[in-house]
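Presented below is the structure to which this report refers.
We did not get these values from a lab; they are worked out from the coordinates using the rules stated. Computed from a predicted model, the values in this text were never measured in an experiment. Note that we place each Cβ from the backbone using ideal geometry, even for glycine, and neighbour counts take in every protein chain shown.
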C-alpha cells in the first residue's frame, strides 16, 4: 500500500470526505474507506481490511429486503439507504467488492453527519467470549447509560463557520450527561429557532424507525447504526430557501452485517438505544426558543 490508500483510487472515484464513523482509509492497516462513485452514490467496501476474507452478509441482507414481498422487509427497506447492487473497485493492486448505496449528503454544502451505533450489546450471540468482553469494554460511558455509542460525528459549526470531525476517541469520552451536549453541537442548537424544522423532521423519521421496531419480531441487530444527516447551509443567514428544503435532514438505519433471527421477540437491545436517541433530539428541540 502507498502512503495514502486514497491515492490509488481509479478515475471518477473519490474518498468520502464527510464520513461520520465506521471504517476509514488507513494505509498502515490496508483499510479502504467509503468512497463516492462518479454518480454521487456511496461505495461501501464489503471487506475493507486487506488481511481478511471477503464477507458478504450485508450484501445478502440488502438484496433480501430489496426483493422481499414480506411487509416487514418492505417497510425496513424504506428506513434504510436505497441499494443499487455491488461494484468491484480496483484500489492499487486489490479488487475491492463494494455495495453501492444512497448518499444522503449528495449536493450538501456543509454536511453534518452523526453515526450512532445502537445497543448496549454489539456482539452476535455466537461470538467468542473474549470478543464479547472486548466489545463490552468499549464506549462504556454511553452504552451503559443511554444504550448507544458515537463512533464518529462531523459538524459544520455555523457560529464559527468551521468543520469539526470527531472520531472514536471523542465517542469513548462521552457519558450519559455529555452526550446531550454532543447532540446540541451536532444540531447547531445555538442557531436557535431556525433549528426547529431540522429537529422536527429528524424526530418524525426516528419515530417511523421506532414504530417499525416496536412491531417487528423478525430481526435483532447487532453493531447496527442510525445515521443522522443534514446540510447546515440551511441555517446560514441569507440562505434563500426555507430551512427544511435547504437542510434536507435524514435519519436512516445502516450497517446490517449482523442481522440475527429474533424468534418472535422484540429487539429490546436496539429499542433502548433508539428511545434515547429520540429523547435527546426531542430535548434539543424543547430547549430551542420559539419561532
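Using alpha-carbon positions, what is the distance between the centroids of segment 227-291 and segment 115-178, in Å?
What the calculation gives is 16 Å, centre to centre.
Using a 7 Å offset from Cα along Cα-Cβ at residue 260, what residues in segment 119-150 end up with backbone N under 16 Å from the label point?
Inside the label zone: 119-137, 148.
I want to verify a result. In a Gaussian network model of the chain, Cα cutoff 10 Å, which of these has the top mean-square fluctuation: 34, 226, 13?
Among 34, 226, 13, the largest mean-square fluctuation in the Gaussian network model of the chain belongs to 13.
Does the chain classify as rounded, prolate or oblate by the C-alpha gyration tensor (a ≥ b ≥ c root eigenvalues; a/c under 1.5 gives rounded; else a/b over b/c gives prolate, otherwise oblate)?
rounded
Extension gain residue 129-residue 175, at 0.36 nm per residue separation less the Cα-Cα distance, in nm?
Roughly 14.0 nm would be gained on extension.
What distance in nm separates the two pseudo spin-label positions at residue 38 and residue 106, each 7 Å out from Cα along the beta-carbon direction?
Result for the modelled spin labels: 1.5 nm.
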